[in-house]
Amino acid sequence: MIDPDILPQLQAAIKQETLAQQPLLQELMEDMAPLRSIQRRITPRSSTALAMVGTDGGNNSFVFDPFDLHVVRVVDSSRNELFFKILSSNTSIDRLNKSHFDAHGRAADVVGALMETVGVRRLQDLSHMLGTDSKGVAKNRGWIYDYRQIVEWAVLLHLIIHKEYATDTLFLFDGLLRTKVFFPGIFPKIQNLIAQKIEEAKKRKHNLYLCGIAKKNKLLTRYRLAMLSQGVLKTSYPSFVQIPPELEKKTYRWEEFVARSDEEIRKQEPKDFTAGRLFFAKFGPKPLDPIWAVDIFDRQKDQAPQILGHLLFDASQGFPVTYYPLTLQRAHEYAALVAFDYDLLQGKIYEAVREILGEKGEILDIFDLLDKDPAKARY
């Protein structure tokens, strides 16, 4: 607790430092002012011919888990489980590599298919985040998070290029269409394959669309107050605005994470880490309804009105989060492990540990009776 004697001093220091940031706030408002004139209404589009697919992953850990086990699971909005593995941070990457291919060396799952598609045979050649030591164990202790990103992109690629769709289909990715998990040169291959499939679908008289939506976005957080003061997306109808890459450069630390310019898109120069063009969109009819960051596949940026129109239909049905795509909310719900699921899996951990302990298995019962968090008595 702050000492009351120094509270006035702290308050004065906070006020002084905040006032010193006035030029920055003024700059942010000047950045936002031009966007008010280019914001556009989102026109709803019929969803009768629209099959929406959301990709989502759950990376979960257990209460009792001496081996740091994690569930890596991807489920779509139709409740189809597209990937499932239980891994430990100590899992051998070499052993994991083998699990992605069958006895004949063919892809056994979506990650194996991704590796085949981009021309690599090992996870270590797919991502620098999965480099290993002499024992084949990942040097990066947080590698499972990066691996999950690879899985999510593998699932998305599988859904787009290895399946056929008879109607217009919007693929909705959980997060922006940007990643630094792959080695340079690999993500552009993925982008080109997606673009090729989109063009093939057009020849069959239907459209495939791709966009991602972020729960949180650094640029949106930075400019939210300035947007409000300048009336950007403060409309009485659903609306959107395209964010110039120049504003991204002011916000993101790494320039390679910034969206491609119009010139780069025209020259068909893919970037190693980004495939999206950023838009801010408000799907509700009230001026203060929530605004979301939407990354539209940059080769489809000119189709933003149609894509956001389809997305509006989905978001208008959003529950429990209002005006957030129902498709993603369903995917989250289906991917999540509820208490009953955890109880079942947790029980299997106990069984396996008891088997390892053998004759000393009774110490597991003693361990289970111990207070796992004695420090909580402080509060």
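Using the Cβ-Cβ distance between Asp133 and Ala336 with R0 set to 25 Å, the FRET efficiency from 1/(1 + (r/R0)^6) comes to roughly 0.15.
Using a Cα-Cα cut-off of under 22 Å, which lysines could be cross-linked to Lys85, ignoring same-chain neighbours fewer than 8 residues away? Of all the lysines, those that pass the test against Lys85 - Cα under 22 Å, at least 8 places apart if same chain - are Lys98, Lys135, Lys139, Lys348. Per-residue ellipticity at 222 nm computed for the chain from its helices equals -12500 deg cm²/dmol, with DSSP H segments shorter than 4 residues left out and the rest contributing -39,500 (n - 2.57).
Relative to one another, the C-alpha centroids of segment 208-223 and segment 317-337 are positioned 16 Å apart.
The slack in the chain from Arg36 to Lys218, taken as 0.36 nm per residue of separation less the alpha-carbon distance, amounts to 63.5 nm.
Start at zero, step by 10 Å, and the Cα-Cα distances of the chain spread as 4, 19, 26, 23, 16, 8, 2, 0 percent across the bins.
For the pair Lys360 and Glu264, label points projected 7 Å from Cα toward Cβ lie 5.6 nm apart. Between Asn192 and Glu255, the simple label model (points 7 Å from Cα in the Cβ direction) yields a spacing of 2.5 nm.
Charge tally for Ala108 (other residues, Cβ to Cβ under 14 Å; Lys, Arg +1; Asp, Glu -1): +2.
Maximal additional length on extending the Ile86-His104 stretch stands at 4.1 nm, based on 0.36 nm per residue less the C-alpha distance. In a GNM of the chain with a 10 Å cut-off on Cα contacts, which of Lys282, Lys250, Lys234 has the highest mean-square fluctuation? With Cα springs under 10 Å in the chain, the top fluctuation among Lys282, Lys250, Lys234 is at Lys250. Counting only lysines at least 8 places from Lys197 when in the same chain, those with an alpha carbon closer than 22 Å to its own are Lys163, Lys189, Lys205, Lys267, Lys271, Lys301. Here the simple spin-label model places points 7 Å from the Cα toward Cβ, and for Tyr237 and Asp5 these points are separated by 6.3 nm. Compared with the alpha-carbon gap, the fully stretched path from Lys286 to His206 is longer by 25.5 nm at 0.36 nm per residue.
Using a Cα-Cα cut-off of under 20 Å, which lysines could be cross-linked to Lys216, ignoring same-chain neighbours fewer than 8 residues away? Qualifying lysines at Cα under 20 Å: Lys180, Lys234, Lys249, Lys250, Lys282. Once C-alpha pairs closer than 8 Å and six or more residues apart are averaged by separation and normalised to the residue number of segment 50-335, the relative contact order reads 19 percent.
Where a number appears in this text, it was derived from the coordinates with a stated rule and is not lab data. Computed from a prediction, not measured in an experiment: that's the story for all the values here. With ideal geometry, Cβ positions are generated from the backbone for all residues, glycine too; neighbour counts draw on all protein chains shown.
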